[in-house]
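Here's the structure, in structure tokens; my notes come after.
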Amino acid sequence: MRTNIDNELVPFLQRIERHLETVSLPTSAPPRLEPWEVNAFTKSDCASTLDDMYCIAAALRLKIEEEVGDLARARESGVVDAHLARRIEWTLTRARSVDALFDDLMNKGPFPPHSAEIEQLNRSRLRLIRVFSGLWLLHDQMTRRGPGA
């Protein structure tokens with residue numbers, strides 16, 4: 001397991017790592033895991049800051065997908081418990097910070113424009129933004145109008 005990883009993301013990192021350990025080929029990775037993200041997970045602990053960022057972003061996407069389901073079920077029941085609300089607030093805040101890291105690397109990092117590294121960063125960033133926006137929209141709707149909105 002990598003160090004300096006948020007405790008909230010550890011179960012999701014472990015889930016991805018367990019999946020990768022049980023498949024024989026990287027192409028059998030979870031369907032929304034990019035090849036460079038698979039490579040980041042298969043490298044030794046803390047191989048690089050970029051690898052850690054890819055792993056964190058992938059784990060965060062998995063966490064967000066789970067929380068979207070939890071929030072949708074809470075919406076159906078009309079009750080969002082405080083624990084779920086705190087988890088979602090943490091996730092949204094963390095996703096914003098990871099997005100900012102992607103932005104910094106793409107705009108101020110060592111990679112030349114239009115390079116393969118920039119394309120990879122952009123693709124992983126857009127995957128994060130895609131799931132983040134779904135959670136944010138559900139959360140915003142519920143906080144503005146209440147659980148049954």
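The values are calculated or read from the model by the stated rules, or taken from the named source; none is laboratory data. Being a predicted model, the structure only gives us computed values, none of them experimental. With ideal geometry, Cβ positions are generated from the backbone for all residues, glycine too; neighbour counts draw on all protein chains shown. Remember, those area values only see protein heavy atoms, side chains included, never the ligands or the DNA or RNA. Shrake-Rupley method; radii C 1.70, N 1.55, O 1.52, S 1.80 Å.
3J(HN,Hα) couplings calculated from phi for segment 54-68 with the Karplus curve 6.51 cos²θ - 1.76 cosθ + 1.60 (θ = phi - 60°) are, in sequence order, 4, 5, 5, 5, 5, 5, 5, 4, 4, 4, 4, 4, 5, 5, 4 Hz; Gly and Pro show x. Here's the picture: a label point sits 7 Å out from the Cα of ALA72 along the beta-carbon direction, and within segment 97-135 the residues with their amide nitrogen under 18 Å of it are 128-135.
A Cα-only calculation for the chain places Rg and Dmax at 16.3, 50 Å. For segment 32-72, the normalised intensity computed at q = 0.14, 0.20, 0.21 Å⁻¹ comes to -0.35, -0.59, -0.62 (log10 of I(q)/I(0), Debye sum over alpha carbons, equal scatterers, no solvent).
Quick check: net charge around GLU34, other residues with Cβ under 14 Å of its Cβ, Lys/Arg +1 and Asp/Glu -1? In short, +2. Treating segment 66-136 as a set of equal point scatterers at the Cα positions, no solvent, please give the Debye-formula log₁₀ I(q)/I(0) at q = 0.15, 0.21 Å⁻¹. The Debye formula, applied to the Cα set alone, gives -0.58, -0.85. Taking only protein heavy atoms and a 1.4 Å probe, the accessible area of the chain is 54% carbon and sulfur. Can you give me the angle between helix 10-22 and the longest principal axis of the chain, using Cα atoms only, in degrees from 0 to 90, rounded to the nearest 10? In the chain, helix 10-22 runs at an angle near 50 degrees to the longest axis. Pairing the Cα long axis of helix 82-108 with the longest principal axis of the chain, what angle in degrees results, from 0 to 90 and rounded to the nearest 10? Result, in degrees: 30. Over segment 59-149, accessible surface divided per residue gives 57 Å², non-protein components excluded, 1.4 Å probe.
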